[in-house]
Structures are given as structure tokens and as C-alpha cells.
Amino acid sequence: MSALFSPIALRGLTLPNRIMVAPMCQYSAVNGEANDWHFTHINTLALSGAAMFCIEATHVEAIGRITPGCLGLWNDATEAALKPILASVRKHSKIAVAMQLAHAGRKASSHTPWDGGQLIPVSEGGWQAEGPSAVPHKEGEAAPLALDAAGLKRVREAFVAAAKRAERLGIDALELHSAHGYLLHQFLSPISNRRTDQYGGSLQNRLRFPLEVFDAVRAAFPEHKPVGVKVSATDWVEGGWDLAQTTEFAHELKKRGVDWIDASSGGVSPLQKIPLGPGYQVPFAQALKEAVGVNTIAVGLITQARQAEDIVASGKADMVALARGMLYDPRWGWHAAAELGGHVNAPPAYWRAPPHEQKDLFGATTFGTR
Ligand SMILES: Cc1cc2nc3c(=O)[nH]c(=O)nc-3n(C[C@H](O)[C@H](O)[C@H](O)COP(=O)(O)O)c2cc1C
């Protein structure tokens, strides 16, 4: 019996396996609105065999987009654009659909990665970013504006409004993006948060805004649907945010009913030194699970079925998330199930596809021709 292909319950959502397609920005939206690219991308990976697909960082207000091409959910047009995509997924796939709610903070107004990914100055068509403090991401860049009380309220309310729109779209779960140097992580890290009010300084103060946003989103989303949080477990910079502080954050989130912690790392400082290697962030998921007893998702250079199986079977994490591995092999879940003796759901039009030795890959399916 494969651990990776065993079910897991997250509140009222039961997933048939432990694989999530990690959120992946496509930088291909116009005015925050999804289009035919998102239709193709999401529908393709909805047939990956993963139990849950997490829609890319979906920004709760226009100035909170990383790039002009980032996806949003802040008005009727952005909501309407996602509707036919979700309808298609529901028609052809049983995958659960999560959405990552995000705000880029001081990392907003950037070029797309394929255009270099650097700050677009206001004089070149960019926009004024806002963050916890007037400290730029990179030395020499224009500083963001520090959010004041009205700004914090506006951002909190934008997260809530997006959560309500997500519910209207029938999204099954939310993940708050509190990683990779974006707004919520910027509040957590002493590198980006230099505030002297109740939102800065002590750890308790730096946790305050992300926890307020979590509470507000949790209260706005139906009780039976899960809400998880993606964290950077360390900044990989001396004197920055680290695993000990992440553990405190996870304790607070657990008290508030968080359904999973997705353990990533880095993103707040260009000075970071990341020791990349297979499964390099798994120890963070494991440490958080052991210290806090919270469900964790391991992510980062998980590419092999046996590697994923070992992570779940040995209790290091409850689930795995794959990003690049899924783009490389969009049937990763099928191939993992074939290797580990699991089953995946597939649409009837594909039921003739299992390998000869693995006829029951899709469970009890039948087809005939004449
Ligand atoms: C194209 C691309 C876009 C990404 N966009 C997001 C995103 O929107 N939100 C997020 O939390 N992480 C994002 N990531 C990071 C992944 O979710 C994941 O944490 C990281 O790539 C490590 O997993 P991997 O080794 O399986 O790719 C992105 C990664 C890629 C490759």
C-alpha cells in the first residue's frame, strides 16, 4: 500500500492522494484576468493525477501584483475570467482546486522573469509598490511606501474580498502566500520589516499582520473548506527570518485552525545563499510537523516517485507539492501511481492509456469497441 496514494482529509475535503501541483505564476494575465493560456495550463495539470491543483499566486489587488502579467481576483472581470476555466476543470477532472491568495508588497511592479524580473520604475510604466517599511528589496532600488493603518485595513479587506470571490468560483481550498519575500513574509522578516509600531520589532509584532490576514480569510471562507499557508521557513540570511521563528508562526497558525503549512524558503533578500539539492526543504516540513503537529506539505526539488513516497511514508510531511516536475512531466501522478501501485482518476476518453502491466491504474474502468 503506497503512502503517497493514501487519502488525506483536510476539514471537509478528502483527497485521494498526497500530491499537489504547486502554485506557479504564469505571468500571462492581462489586467489580472486569466485567458486561454491559463485554460490550457490549468486543464493540462488537472489531468496530472495529483489530488489537488493550486492556482498560481492570485493577487488580491492590482498594486499587489508581482508583474503586470500576474493573475488577480479583485473585481468582477478577474472573477469572470476564471469561471470558464473552472467549469472546464470540473467537467473533465475530479481534482480539487486550491487557490493561492497573494500580495507582492515591495516586490510588486517587476518585469516578467523572461524580461529579467527586475523592478519596473514608475517612470518606465511601473507602479508605486507598498510594503511594511520603506526599505527596497535591492540596494539602490526605489523604496516602497510603508503601509499606514488605512493601507493595512485596505489590504486585509482585499484578502477577504478575494476569499469570498474564490468561494463564489467554487474553489475548494485557499493557500495564503506568506513565502518568497512577498508582502506577508515581508512583515515576518526583520530584514524587510523595520516598523516601530505594533506590527514591527518583536516576533509577536511581526507575526501580527500575517495572523490578522489569516484570521480574516479564515472567517470569510466556509468553515468546511481548508485554508493553508505557504511559508519561507528561513531567509537563508544571517539575522533574518529562520526556522525557530517559523515554528512560532506555525504554532499561532495552528491555534487558529490552519489546515496545512507548505514549507518553502527564501525570497526576501538577494543576499540569500540557498543550498539546493533534492528535497532540500523537506527538513523544514519535518521540523514544523514534529514541533507543532500541523499538517505539512513538502516542496522543492521533489521529482521522483520513490522520493515522494519516502517523504510521506516516513512521516516527514503529509503531502508533497511539485512545480517544475509537473511542467516537465504533466502526467507525473500517473507515472508515480504506476510505479508505486496506486490509482489515479482519468477522464473516460483516456481510459485506454494504462500500461499493459498496470491495467487497473485508473481503478475499475471498462470500455468496449466494435
Ligand atoms: C514557473 C514557476 C512559477 C512559480 N510561481 C509560484 C507561485 O505563484 N507561488 C508560489 O508559492 N510559488 C511559486 N513557485 C515556486 C513553486 O511553487 C515551488 O515552491 C518551487 O518551484 C520548488 O518546487 P519544485 O522544485 O517542484 O519546482 C513557482 C515556481 C515556478 C517554477
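With respect to Arg194, is the statement that it is more than 16 Å from Leu253 (Cβ to Cβ), within 24 Å of the chain's Cα centre (by Cα) and more than 16 Å from the ligand (Cβ to nearest atom) true?
Here the answer is no, as Arg194 does not meet what is asked.
Output yes when any residue across region 295-303 is surrounded by fewer than 20 Cβ atoms within 10 Å (Cβ to Cβ), over 15 Å from Met20 (Cα atoms), at pLDDT 95 or above and within 21 Å of the chain's Cα centre (by Cα), and no when none is.
No; the residues of region 295-303 include none that is surrounded by fewer than 20 Cβ atoms within 10 Å (Cβ to Cβ), over 15 Å from Met20 (Cα atoms), at pLDDT 95 or above and within 21 Å of the chain's Cα centre (by Cα).
Only strands (runs of 3 or more DSSP E) wholly contained in region 1-83 count here; list those with 1 or more residues that are hydrophobic (A, V, I, L, M, F, W, C) and within 16 Å of the ligand (Cβ to nearest atom).
19-21, 52-59
For region 66-88, which residues satisfy the criterion of being open to solvent by less than 10 Å² (accessible area, probe 1.4 Å) and farther than 26 Å from Ala179 by Cα?
Ile85
Name the pairs: first residue in region 180-205 and on the phi > 0 side of the Ramachandran plot, second residue in a helix (DSSP H, G or I), Cβ to Cβ under 8 Å, at least 6 apart or on different chains?
Once the first residue is on the phi > 0 side of the Ramachandran plot and sits in region 180-205, its partners that are in a helix (DSSP H, G or I) give Gly181/Lys107.
Does Lys254 satisfy being more than 13 Å from the ligand (Cβ to nearest atom), assigned to a helix (DSSP H, G or I) and surrounded by fewer than 21 Cβ atoms within 10 Å (Cβ to Cβ)?
The answer is yes for Lys254.
As an exercise: evaluate Lys107 against (1) in contact with a helix residue (DSSP H, G or I) (Cβ under 9 Å, 6 or more places away or on another chain); (2) surrounded by fewer than 22 Cβ atoms within 10 Å (Cβ to Cβ) and give the number of the one condition it does not meet.
In the conditions (1) in contact with a helix residue (DSSP H, G or I) (Cβ under 9 Å, 6 or more places away or on another chain); (2) surrounded by fewer than 22 Cβ atoms within 10 Å (Cβ to Cβ), Lys107 misses (2) alone.
Going by the conditions given, is Glu175 away from the ligand (no atom under 15 Å from the Cβ), in contact (Cβ under 8 Å) with a residue 24 or more places away in the chain and acidic (Asp, Glu)?
The answer is no for Glu175.
Looking at (1) open to solvent by 30 Å² or more (accessible area, probe 1.4 Å); (2) in a loop (DSSP other than H, G, I, E, B), which is the only condition Gln204 fails?
Exception for Gln204: condition (2).
Kindly indicate whether Gly117 is at pLDDT 95 or above, within 12 Å of the ligand (Cβ to nearest atom), of a type in the set (Gly, Ala, Ser) and open to solvent by 20 Å² or more (accessible area, probe 1.4 Å).
Here the answer is yes, as Gly117 does meet what is asked.
Which of (1) open to solvent by 40 Å² or more (accessible area, probe 1.4 Å); (2) within 21 Å of Glu175 (Cα to Cα) does Arg331 not meet, given it meets every other one?
With respect to (1) open to solvent by 40 Å² or more (accessible area, probe 1.4 Å); (2) within 21 Å of Glu175 (Cα to Cα), Arg331 is out only on (2).
Could you list, in sequence order, the residues of region 282-294 that are small (Gly, Ala, Ser) and over 16 Å from the mean Cα position of the chain (by Cα)?
Result: Ala287, Ala291, Gly293.
The values are calculated or read from the model by the stated rules, or taken from the named source; none is laboratory data. Quantities reported herein were computed from a predicted structural model and do not represent experimental measurements. When we count neighbours, we look across all protein chains shown, and the Cβ atoms used for this are built from the backbone with ideal geometry, even at glycine. Side chains are part of the model used for accessible areas, which takes the heavy atoms of the whole protein and leaves out ligands, DNA and RNA. Shrake-Rupley method; radii C 1.70, N 1.55, O 1.52, S 1.80 Å.
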